[in-house]
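> Take a look at this one; I'll ask things after.
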Amino acid sequence: MKYFWLEKSLLPQKMGYELFSVEHIVSLLIILVLNIILYSAFCKIDGKKQNIFIKTCALILPILEAFKIAVLVIQGTFDAQYFPLYLCSVGILIFPVAAFAKNKRITEYATEAGIIMIIPGSLMALLFPNWIGFYQPFSFLSIYSYLWHGLIIFIPVCMWKMGKVSIRFESIIHSFIVLAILLPIVIICDQVFRMNYWFLERPDLNNPFLFIYQKYGYTMYITCIILLAFIMCTLSYSLFSFLQKRRKGRENE
């Protein structure tokens with residue numbers, strides 16, 4: 001417990017663990033099992049309770065973020081790298097809007113963005129986490145990071161299950177429009193704060209394209225990032241579109 005709350009700048013070197021190590025795999029399995037258990041429980045409750053459950057989960061996101069910031073501020077380690085400007089941090093705004101909006105179209109658009117943009121980003125973050133090189137598995141920021149990314153996968157899946165969104169071709173267009181709107185803002189913030197939000201400036205720890213950046217340079221690296229984003233968003237759209245067609249087929253039987 002000596003290092004449980006500490007941010008990486010206050011920790012001794014080499015406190016973390018390797019990518020796809022036992023610690024990493026076990027952490028992923030725990031998140032997977034938790035999500036499966038929660039999803040199974042979610043499917044067994046009625047619509048009214050499902051709405052309450054989703055609203056609660058959506059509110060947990062800003063509460064978790066505020067608690068993390070408070071911990072960092074108390075330590076004196078909060079700075080621009082912890083501003084909620086990463087792709088996965090967009091969930092702080094998107095999911096409460098999706099859960100509480102009275103307008104059906106707003107709920108649908110927000111959930112679309114969660115499914116097509118945030119789920120792929122969160123999966124990549126869990127598979128190639130940049131925090132594991134600094135923190136032990138049982139530390140606050142490590143636990144927070146795994147729970148956060150697991151939760152922003154869980155929420156849009158449940159909202160899709162509830163019928164809050166109907167995935168269609170327009171869904172992927174809407175999500176790319178959102179990306180096009182957010183991208184210039186992130187680029188400006190990168191320059192203003194001299195940060196690396198969305199990893200547009202350079203690859204971070206455990207980035208799968210680090211070797212491309214080192215061998216072929218920035219242009220090839222950013223090209224791979226754009227291609228990966230397009231492929232992951234398209235795959236997420238295709239998967240949910242397929243599942244939706246299967247669900248409709250069963251309902252019509």
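> Taking the criterion of being among the aromatic types (Phe, Trp, Tyr), touching a residue at least 40 places away in the same chain (Cβ under 8 Å) and within 17 Å of Ile54 (Cα to Cα), would at least one residue in region 180-194 satisfy it?
Looking for residues that are among the aromatic types (Phe, Trp, Tyr), touching a residue at least 40 places away in the same chain (Cβ under 8 Å) and within 17 Å of Ile54 (Cα to Cα), one finds none in region 180-194, hence no.
> Now, a different point. Kindly indicate whether any position in region 138-156 is open to solvent by 20 Å² or more (accessible area, probe 1.4 Å), free of Cβ contacts under 8 Å to residues at least 12 places away in the same chain and under 18 Å from the mean Cα position of the chain (by Cα).
Yes, region 138-156 contains at least one residue that is open to solvent by 20 Å² or more (accessible area, probe 1.4 Å), free of Cβ contacts under 8 Å to residues at least 12 places away in the same chain and under 18 Å from the mean Cα position of the chain (by Cα).
> Which one of the conditions (1) in contact with an Asp or Glu (Cβ under 8 Å, 6 or more places away or on another chain); (2) more than 28 Å from Asn51 (Cα to Cα) does Ile222 fail to meet, given that it meets all the rest?
(1) is the only condition that Ile222 fails.
> Could you please find all residues in region 11-22 being closer than 24 Å to Gln75 by Cβ and open to solvent by less than 90 Å² (accessible area, probe 1.4 Å)?
Leu11, Pro12, Met15, Gly16, Tyr17, listed by residue number.
> Sticking with this one: Keeping to region 93-125, report how many residues are open to solvent by 30 Å² or more (accessible area, probe 1.4 Å), in contact (Cβ under 8 Å) with a residue 24 or more places away in the chain and of a type in the set (A, V, I, L, M).
Count: 2.
> Among the residues of region 1-10, are any open to solvent by less than 20 Å² (accessible area, probe 1.4 Å), out of contact with any Ser or Thr (no Cβ under 6 Å at 6 or more places or on another chain) and at pLDDT below 95?
Within region 1-10, none of the residues are open to solvent by less than 20 Å² (accessible area, probe 1.4 Å), out of contact with any Ser or Thr (no Cβ under 6 Å at 6 or more places or on another chain) and at pLDDT below 95.
> Mind counting the residues in region 233-253 that are modelled with pLDDT of 90 or more, over 16 Å from Ile173 (Cβ atoms) and buried (at least 16 other Cβ atoms within 10 Å of the Cβ)?
Total satisfying the criteria: 0.
> Do any helices (runs of 4 or more DSSP H) lying entirely in region 138-220 carry at least 3 residues that are over 30 Å from Glu23 (Cβ atoms), and which ones are they?
140-161, 169-193
> Also: Give region 161-207 a look and list any residue that's open to solvent by less than 80 Å² (accessible area, probe 1.4 Å) and farther than 30 Å from Ala101 by Cα, or say none.
Within region 161-207, Asp190, Met195, Asn196, Phe199, Leu200, Glu201, Pro203, Asp204, Leu205, Asn206, Asn207 qualify.
> Scanning region 70-92 for residues that are without any contact (Cβ under 8 Å) to a residue 60 or more places away in the chain and out of contact with any helix residue (DSSP H, G or I) (no Cβ under 8 Å at 6 or more places or on another chain), which turns out most open to solvent (accessible area, probe 1.4 Å)?
Of everything passing the filter in region 70-92, Ile74 is most open to solvent (accessible area, probe 1.4 Å).
The values are calculated or read from the model by the stated rules, or taken from the named source; none is laboratory data. Bear in mind the structure is a predicted one, so any value in this text is a computation, not a measurement. As a convention, Cβ positions derive from the backbone with ideal geometry for all residues, glycine included, and neighbour counts pool all protein chains shown. Accessible surface areas use protein heavy atoms only, side chains included; no ligands, DNA or RNA. Shrake-Rupley method; radii C 1.70, N 1.55, O 1.52, S 1.80 Å.
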